[in-house]
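Step one of this worksheet: look at the structure below.
The values are calculated or read from the model by the stated rules, or taken from the named source; none is laboratory data. The model shown is predicted, which means the values in this text are computed figures rather than measured ones. Virtual Cβ from ideal backbone geometry, glycine too; neighbours counted across all protein chains shown.
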Amino acid sequence: MPARLLCRGCGKVYDLEKDLVLSCISKGDNKDINHILEKIIDPVVSKSLLLASKELNPFIKYKDFFFSHALAQKLNVNFSEIVKKIDPGFSKTPLIRDENLFIKNETGNVGGSHKARHLMGTSIYLEVLGQKKTQLAIYSCGNAAIGASFVAKAAKKSLSVFVPPGLDEGVYQILRENNAQITTCPRVAGESGDPCYNRFQEKLESGALAFSCSGPDNWSNIEGGETLYFEILTELLQNNLELDAIVIQVGGGALASSGVQAFQEFYKARLISKMPRIYAVQTEGAHPLVRAVEKIKNRTELETVNQNMTKYMWPWETEPKSVAHGILDDMTYDWYKIVEGIFTTHGDAITVSEDELKAANKLAKEKYAIPVDHTGSSGLAGLLKLWESGEIAKDEKVAVLFTGVERHKPMA
């Protein structure tokens with residue numbers, strides 16, 4: 001069956017076509033319906049060829065899993081040449097093994113985090129379509145804006161970024177060097193939700209394209225994020241290993257949603273024999289996903305959650321605060337795929353305290369000598385808690401992600 005996009009809220013299907021589709025055309029019509037597009041693809045991938053490939057660019061190596069690649073084939077354009085033309089410098093990142101623990105280190109990736117992967121997925125999609133509109137927009141608390149700025153600059157697109165006040169000066173400097181147009185968004189009394197996201201939405205209404213790590217606004221960022229997990233799984237396959245579990249930090253949810261999608265696609269292609277258990281980690285300062293998981297009673301209820309979204313997911317009522325500021329999204333925008341992964345693999349969603357976040361970050365730096373920030377090591381904080389509770393056994397093979405380099409010393 002040809003690749004297509006499916007809205008998990010209203011059921012509308014978008015086939016391979018030359019018209020730009022970033023979000024469902026019915027998005028916003030009904031707040032109870034979660035109009036989120038999901039790529040549906042039936043990859044035919046040779047395990048032997050995949051393992052033998054020496055290609056280091058993940059967007060070329062894993063092109064058979066891309067909707068954008070299927071579209072390029074239909075439009076008769078050269079996908080690999082497109083990737084090379086707009087590539088800001090992607091390559092495989094390290095996977096560190098410590099007995100049964102596997103750590104994916106993204107701190108040295110483009111822009112210092114995993115975020116650029118997401119936006120490269122969008123950049124490729126736009127380029128395959130020959131999209132002429134050059135004005136892009138993103139909301140972010142730092143890393144996503146930086147990643148987007150590198151990718152947009154390489155593709156010769158202009159980028160508007162909407163960020164909160166008080167970011168480290170180094171973040172602003174990188175954004176200015178990459179020619180991003182910066183708007184600082186303080187909280188507004190009486191306004192619900194993240195002001196950066198709200199200003200971003202206003203920019204979209206004025207004609208900009210969503211260049212964001214939020215699936216409801218831009219499905220293609222999820223496709224880009226999958227490459228992180230494809231790399232993990234391929235390296236494990238080369239050593240005849242499979243994961244029992246993975247622990248992923250969750251803010252807006254794109255990182256974890258990409259993971260669930262990637263595991264499902266590798267499983268569908270018969271490259272792995274089982275799905276790992278999915279564990280999501282949020283802070284005690286804001287945990288809308290954990291709250292949603294607690295309200296979903298069983299797997300059967302998953303069939304209707306996208307038609308009753310406000311019952312499960314709504315903006316955090318107070319201003320979120322944590323040393324892991326990168327996962328303090330007022331809402332988990334990409335929440336559905338994560339809860340699907342949790343319930344179908346018998347995983348869970350948990351919170352970690354500030355002390356647990358700090359302890360995990362200290363361990364990451366001292367034991368593994370990786371300059372990861374508190375957001376980036378928050379998955380490790382969750383794993384340490386799950387090990388302590390016995391939810392994950394020490395003899396199980398488990399992965400965590402170190403997703404962002406430390407740019408400044410966070411406040412206590």
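When you check residue 152 against the structure, is it within 23 Å of residue 254 (Cα to Cα), aliphatic (A, V, I, L, M), modelled with pLDDT under 95 and surrounded by 24 or more Cβ atoms within 10 Å (Cβ to Cβ), yes or no?
The answer is no for residue 152.
Looking only at residues in segment 42-68 that are of a type in the set (Val, Ile, Thr) and at pLDDT below 95, the one that is surrounded by the most Cβ atoms within 10 Å (Cβ to Cβ) is 45.
Here residue 108 fulfils each of the conditions (1) surrounded by fewer than 18 Cβ atoms within 10 Å (Cβ to Cβ); (2) in contact (Cβ under 8 Å) with a residue 24 or more places away in the chain; (3) in contact with a Ser or Thr (Cβ under 9 Å, 6 or more places away or on another chain); (4) closer than 27 Å to residue 202 by Cα apart from (4). Beta carbons closer than 9 Å, at least 6 apart along the sequence or on distinct chains, pair a first residue in segment 401-412 that is crowded, with 24+ Cβ neighbours inside 10 Å and outside any loop (DSSP other than H, G, I, E, B) with a second that is at pLDDT 65 or above and of a type in the set (Lys, Arg) for 401/104; 402/104; 404/115. Of the residues making up segment 189-208, one or more are within 28 Å of residue 67 (Cβ to Cβ), small (Gly, Ala, Ser) and surrounded by fewer than 17 Cβ atoms within 10 Å (Cβ to Cβ).
Pairs meeting the criteria (first residue in segment 182-207 and touching a residue at least 24 places away in the same chain (Cβ under 8 Å) and more than 19 Å from residue 320 (Cβ to Cβ), second residue of a type in the set (S, T, N, Q) and part of a helix (DSSP H, G or I), beta carbons under 9 Å, at least 6 apart or on different chains) are lacking. Among the conditions (1) modelled with pLDDT of 95 or more; (2) touching a strand residue (DSSP E or B) at 6+ places or on another chain (Cβ under 8 Å), residue 16 misses just one, which is (1).
Taking the criterion of being closer than 30 Å to residue 394 by Cβ and touching a residue at least 40 places away in the same chain (Cβ under 8 Å), the residues of segment 67-99 that qualify are 92, 93, 95, 96, 98.
Cβ-Cβ distances below 6 Å connect no pair with a first residue in segment 339-350 that is in a loop (DSSP other than H, G, I, E, B) and modelled with pLDDT of 95 or more, a second residue that is aromatic (Phe, Trp, Tyr) and surrounded by fewer than 19 Cβ atoms within 10 Å (Cβ to Cβ), and a separation of six or more residues or different chains.
Would you check if there is a residue in segment 86-96 being surrounded by 15 or more Cβ atoms within 10 Å (Cβ to Cβ), hydroxyl-bearing (Ser, Thr, Tyr) and at pLDDT 95 or above? Yes, the conditions are met somewhere in segment 86-96.
If the condition is being in a loop (DSSP other than H, G, I, E, B), under 12 Å from residue 324 (Cβ atoms) and in contact (Cβ under 8 Å) with a residue 40 or more places away in the chain, then segment 361-383 contributes 373, 374, 375, 376.
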